Amino acid sequence: MDKSFYTIFKTFFKVGTLLLGGGYVILPLLQAELVDKKGWIDSDGLCEYYALGQSVPGIIAANMSIFVGYKLRGQVGALAAVLGIVTPAFLAIILVATMLEEIVHLSFIQSIFWGVGIGVILLVYLATKEMWNKSIVDKFTCIVFFAAFILSTCFHVSPALIIVLSILAGILYKKYNFDENFVKKECEK
Amino acid sequence: MIYLNLFIQFFHIGLFSFGGGYATLPFLYHIAENQQWYTVKQLTDMIAISSITPGPVGVNVATFAGFMTSGILGSLVATTSVILPSYILVIIISKFLEQFETNKNVRAAIYALKPAGCGLLAAVAVDMFVNNVNLPGMILLAILFFISVKQKHDPLFYLAVSAIVGLFAGFLHLTV
């Protein structure tokens, strides 16, 4: 099977172009391209990378692409994959942002943005809800949620500091309160 | 030096945001409040546009924020630096995959940082609501919310509905 820099780039470029409206669709897209069409990895492997992609900081789609690219052809593959997934997004935004500078002052564009701004609040709420379903599993995670929320809204603590504090809290909590089933359950997911 | 500052800001977003494209928002929000690169209003527009353009939302919005800060070179710096931590970490993790997956501390860290990331995003949602929504906006949001509870739709659907409503609201002078 052809695994040249160009082929890997092209494959991920295609996925990057089709990726629209949030990351929910990346899994079926990669499944169609990498598993069904190219046969580069199998379904189970892809699901594992999906889970791993969420355990690493950064953009999940980029993380997954780098994992798969690296598996296919080491550093070269990783670079090809990440460039492929990022380039369509980059070009699209440059194009839109350049055009936008010309039209943003028009009143009907402002009206559309007013409406869309409301839509965005709903999208952020939906994203929060989805994260809530995945991450709040017990009392401790619930406390972390509210602690992060309050630190951010009331005290304007930097998000990075809140993340670092939560990591420390998690490690300490698990160290003194370790439950063997936790690892097992997490692995089965 | 603006490019160095951009690099630092976006590298730290790439390093500390967990849980997908929207997880970068609390960081971009923090930047809007602390640097004079773009306003919170502009960030909302950027998120909307990023949701309807091809590519991962996190990459779109980083490119956009970089562009707003200092043009095409700015977007190149922002996009590269938001991806760079992923790139380095994923390659290291790929080499030690087994240790990473079963490591107790890694599991504990992920267990705790996910709800923290969720709390940060909830804070953004509340802040956007409190600062940007007038009465007609609240009615629109309530309608959208009701639709989303009834049935799950694609993000594009909500943005399309709100864009059309916005257009009519503009004619009726309800948007200010």
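The values are calculated or read from the model by the stated rules, or taken from the named source; none is laboratory data. Keep in mind the model is a prediction, meaning the values are calculated, not measured. Cβ coordinates were reconstructed from backbone atoms using ideal geometry, including for glycine residues, and neighbour counts include every protein chain displayed.
The residue of region A:126-140 that is surrounded by the most Cβ atoms within 10 Å (Cβ to Cβ), among those that are more than 15 Å from B:LEU121 (Cα to Cα) and free of Cβ contacts under 8 Å to residues at least 24 places away in the same chain, is A:VAL137. Residues that are without any contact (Cβ under 8 Å) to a residue 24 or more places away in the chain, more than 10 Å from chain A (Cβ to nearest Cβ) and not in a helix (DSSP H, G or I) do occur in region B:91-103, at least one of them. Say whether the condition of being more than 7 Å from chain A (Cβ to nearest Cβ) and either basic (Lys, Arg) or surrounded by fewer than 22 Cβ atoms within 10 Å (Cβ to Cβ) (or both) is met by at least one residue in region B:110-122. Checking region B:110-122: not a single residue is more than 7 Å from chain A (Cβ to nearest Cβ) and either basic (Lys, Arg) or surrounded by fewer than 22 Cβ atoms within 10 Å (Cβ to Cβ) (or both). For region B:1-57, the set of residues classified as at the interface with chain A (Cβ under 7 Å from one of its Cβ atoms) and aromatic (Phe, Trp, Tyr) consists of B:PHE16, B:PHE18, B:TYR22, B:PHE27, listed by residue number.
Checking each residue in region B:11-41 for being free of Cβ contacts under 8 Å to residues at least 60 places away in the same chain, under 21 Å from B:LEU113 (Cα atoms) and β-branched (Val, Ile, Thr) picks out B:THR24, B:ILE31.
With respect to A:LEU29, is the statement that it is touching a residue at least 12 places away in the same chain (Cβ under 8 Å) and either more than 11 Å from every other protein chain (Cβ to nearest Cβ) or over 15 Å from B:ILE88 (Cα atoms) (or both) true? Taking the combined requirement at face value, the residue satisfies it.
You will find that of A:LEU83, A:LEU161, A:LEU106, the residue that is more than 8 Å from chain B (Cβ to nearest Cβ), among the aliphatic types (A, V, I, L, M), within 23 Å of the chain's Cα centre (by Cα) and surrounded by fewer than 19 Cβ atoms within 10 Å (Cβ to Cβ) is A:LEU161 and no other. With respect to the stated conditions, B:SER148 is over 20 Å from B:GLN42 (Cα atoms), facing chain A (nearest Cβ under 9 Å) and within 21 Å of the chain's Cα centre (by Cα). The condition of being more than 7 Å from chain B (Cβ to nearest Cβ) and surrounded by 24 or more Cβ atoms within 10 Å (Cβ to Cβ) holds for only one of A:GLY69, A:GLY115, A:GLY74, A:GLY58, that being A:GLY69.
Reported count of residues in region A:135-181, each being touching a Cys at 6+ places or on another chain (Cβ under 8 Å) and at pLDDT 90 or above, is 3. Scanning region A:89-103 for residues that are under 22 Å from the mean Cα position of the chain (by Cα) and either more than 8 Å from chain B (Cβ to nearest Cβ) or small (Gly, Ala, Ser) (or both) gives A:ALA89, A:LEU91, A:ALA92.
Here is a yes/no grid of residues against (1) in the same structural domain as B:GLN42 (by TED's automatic domain parsing); (2) farther than 18 Å from A:ALA89 by Cα; (3) not hydrophobic (A, V, I, L, M, F, W, C):
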{"residue": "B:VAL82", "(1), (2), (3)": "yes, no, no"}
{"residue": "B:LEU89", "(1), (2), (3)": "yes, yes, no"}
{"residue": "B:ILE92", "(1), (2), (3)": "yes, yes, no"}
{"residue": "B:MET138", "(1), (2), (3)": "no, yes, no"}
{"residue": "B:LEU156", "(1), (2), (3)": "no, no, no"}
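Exactly one residue out of B:VAL82, B:VAL77 is within 13 Å of the chain's Cα centre (by Cα), crowded, with 22+ Cβ neighbours inside 10 Å and of a type in the set (A, V, I, L, M, F, W, C): that is B:VAL82. Entry remark, region B:55-74: residues being part of a helix (DSSP H, G or I), surrounded by 24 or more Cβ atoms within 10 Å (Cβ to Cβ) and not aliphatic (A, V, I, L, M) number 6 in total.
On the given criteria, is B:ILE52 touching a Leu at 6+ places or on another chain (Cβ under 7 Å) and either surrounded by fewer than 22 Cβ atoms within 10 Å (Cβ to Cβ) or in the same structural domain as B:SER162 (by TED's automatic domain parsing) (or both)? Yes.
Taken over region B:151-176, residues that are in a loop (DSSP other than H, G, I, E, B) and either hydroxyl-bearing (Ser, Thr, Tyr) or more than 8 Å from every other protein chain (Cβ to nearest Cβ) (or both) amount to 8. Within the set B:ILE31, B:ILE72, B:ILE88, the sole residue that is at pLDDT 90 or above, within 30 Å of A:PHE13 (Cβ to Cβ) and out of contact with any helix residue (DSSP H, G or I) (no Cβ under 9 Å at 6 or more places or on another chain) turns out to be B:ILE88.
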